[in-house]
Amino acid sequence: MSEQPLNHAPAPAPEEAAEATVTGSAPAAAPEPAAAAPATGSATGSTAADVTPEEAAALRAASFERARRLRQEPRFPGGPAADPAGSHHERRIRSFQPRRSRVTTGQQEALERLWPKWGLDIDGKRVLDLAGLFDGLPVVLEIGFGMGEATAQMAAEDPGTGILAVDVHTPGQGNLLGLADKAGSTNVRVANGDAVILLREMLAPESLDGLRVYFPDPWPKARHHKRRLIQPEFLDLVAPVLKPGAIVHCATDWEPYAEQMLEVLTAHPRFANTAADGGYAPRPAFRPLTRFEGQGLDKGHVVHDLLFARI
């Protein structure tokens, strides 16, 4: 599964906006006695030498503003926003990398039809009323759900639990909405954006009954370990929004990341391991064996589950 925000989180994409440059063509030579033709600029017909520093700065600012507006335009009108937290953007290490890939006709139809009812953007501008969103059901937060197959299955098998599923992958968002609709599940809400902003600014204290982080990006290179989602600072954000006794459930098939998860969760004062031996837990029956997990098992990977209770 892909990792989202705060999730399965991921590093900010390079800025797409390029500074505008003002260039002029060199004067064209003309036969005597005609004078040389005047140079033209790409924007106003003036030469580059005619542009003052203030005008050049204004052109650059206009270019950045156009690029910013393009980034904020949704791919589908009424659907998930391209940059939902716009004004809340800050420079920090992220555990996820937004990626744009092809959206199928079915996924697009689901986004256009179901997003207004079951989707929400993580804009950092309000505190969510989870009781209202889920008709009073207990709510678990899932960060990073990939294409949504496992999430849809868990929702169908446990209709008494609401799942707030967060990801930034548009095809996966559409796929999960379509799967939930096909199964008749009404206990799924899909959140688009950075889970860190969701945890920090949009969830009330002790409002969640659990957190699920399944197969987050392991960021295997040593220089990228700082991008891994499960870090002490992440748990500091998670603990206040979980009810006492709520379960943090992580799963990974990357052994070094599993070891880091176990170390970080064990060391945090507000979480206690539910495994009697202080190690990994058996896979709970409610967590489906995903296609991704099956592929890893076929390659000889070992999957580790960790279940920690909020103290």
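So here's what we get for this one:
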| read-out | value |
| --- | --- |
| Region 125-144, residues that are open to solvent by 10 Å² or more (accessible area, probe 1.4 Å) and among the aromatic types (Phe, Trp, Tyr) | none |
| Subset of region 241-254 (residues that are open to solvent by 20 Å² or more (accessible area, probe 1.4 Å) and either basic (Lys, Arg) or at pLDDT 95 or above (or both)) | 243, 244, 245, 247 |
| Residues of region 170-185 classified as open to solvent by 10 Å² or more (accessible area, probe 1.4 Å) and part of a helix (DSSP H, G or I), total | 7 |
| In region 102-144, the residues that are more than 19 Å from the chain's Cα centre (by Cα) and among the charged types (D, E, K, R) | 109, 112, 113, 117, 129, 135 |
| Check on residue 176, at negative phi, of a type outside the set (Asp, Glu) and more than 11 Å from the chain's Cα centre (by Cα) | yes |
| Lone qualifier among 195, 191 - being among the small types (Gly, Ala, Ser) and in contact with a helix residue (DSSP H, G or I) (Cβ under 8 Å, 6 or more places away or on another chain) | 191 |
| Members of region 229-259 found to be within 21 Å of residue 299 (Cβ to Cβ) and of a type outside the set (Val, Ile, Thr), listed by number | 250, 251, 253, 254, 255, 256, 257, 258, 259 |
| Search result, residues across region 145-169 that are part of a helix (DSSP H, G or I) and open to solvent by less than 20 Å² (accessible area, probe 1.4 Å) | 150, 151, 152, 154, 155 |
| Test: residue in region 286-300 that is modelled with pLDDT of 95 or more and surrounded by fewer than 16 Cβ atoms within 10 Å (Cβ to Cβ) | yes |
| Where residue 270 falls short, out of the listed (1) within 27 Å of residue 130 (Cβ to Cβ); (2) open to solvent by less than 50 Å² (accessible area, probe 1.4 Å) | (2) |
| Flag if residue 219 is of a type outside the set (S, T, N, Q), modelled with pLDDT under 95 and either farther than 27 Å from residue 295 by Cα or open to solvent by 50 Å² or more (accessible area, probe 1.4 Å) (or both) | no |
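The values are calculated or read from the model by the stated rules, or taken from the named source; none is laboratory data. Quantities reported herein were computed from a predicted structural model and do not represent experimental measurements. Please note: Cβ atoms are built from the backbone with ideal geometry, for glycine as well, and neighbour counts cover all protein chains shown. All accessible areas refer to the heavy atoms of the entire protein, side chains included, with ligands and DNA or RNA removed. Shrake-Rupley method; radii C 1.70, N 1.55, O 1.52, S 1.80 Å.
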